[in-house]
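Worksheet: the structure to be examined is printed underneath.
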Amino acid sequence: MSLPSLKLSLIALAFAALTACGGNSDDKPSVPDAAPIIPAPGGVYVGYFQEDVTNNPEDAIAGAFVLSVPGTDANSGTKLTMTYAGCQTSNFGNDNGIKNGNAYGASWSGLLDATSQSGSIFATYDPATGYYSGVYSNAKGKQLLNLPNCTQYYMAALGKFEVFPIEKNLR
């Protein structure tokens, strides 16, 4: 008996054994029910950002991060805030993004320490924790910023962030 006909005989034998045990072509495989996708809620989210330490080993900064997410799957025109140091002026950016299910992506632009900056954000929502976590980028890349009478620091080109609903109690 040749190898291909031996394989065919074994397959036929296995099929015959399965049907003899009560299995037939009408049986459907048991598939567990998938958890329903819960769309991410909108609202004001607050948390932290952390600059990428590989991109900015000199002084990778962590700070406060505030993100306003639209309530429906739609384009947004929201604000985000990043704070680097206590002696700075306010840093606000405009966010032009879209929320789709549990994903949020945006381009942003605004003033960070009186310098015009822009970049992108991508985050996913975790319904178990109620948090968005994601990454951001700065289109101008890594930069040395000197704030007279305040501080001098490097602004990284990349970072990550986590934010939670402003009304969430973390006890």
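Residue by residue through the range 56-79, note down the ones that are small (G, A, S) and modelled with pLDDT under 80.
G71, A74, S76, G77
Can you tell me how many residues within the range 131-165 are farther than 17 Å from A64 by Cα, at pLDDT below 90 and open to solvent by less than 50 Å² (accessible area, probe 1.4 Å)?
Number of matching residues: 4.
Take the residues in the range 126-149 that are among the hydrophobic types (A, V, I, L, M, F, W, C) and farther than 23 Å from F164 by Cβ, then tell me which one is nearest to the chain's Cα centre (by Cα).
Top of the filtered list is A139.
The values are calculated or read from the model by the stated rules, or taken from the named source; none is laboratory data. Predicted model, so just to flag it, every value in this text is computed and none were measured. Note that we place each Cβ from the backbone using ideal geometry, even for glycine, and neighbour counts take in every protein chain shown. Side chains included, ligands, DNA and RNA excluded: accessible areas come from the protein's heavy atoms. Shrake-Rupley method; radii C 1.70, N 1.55, O 1.52, S 1.80 Å.
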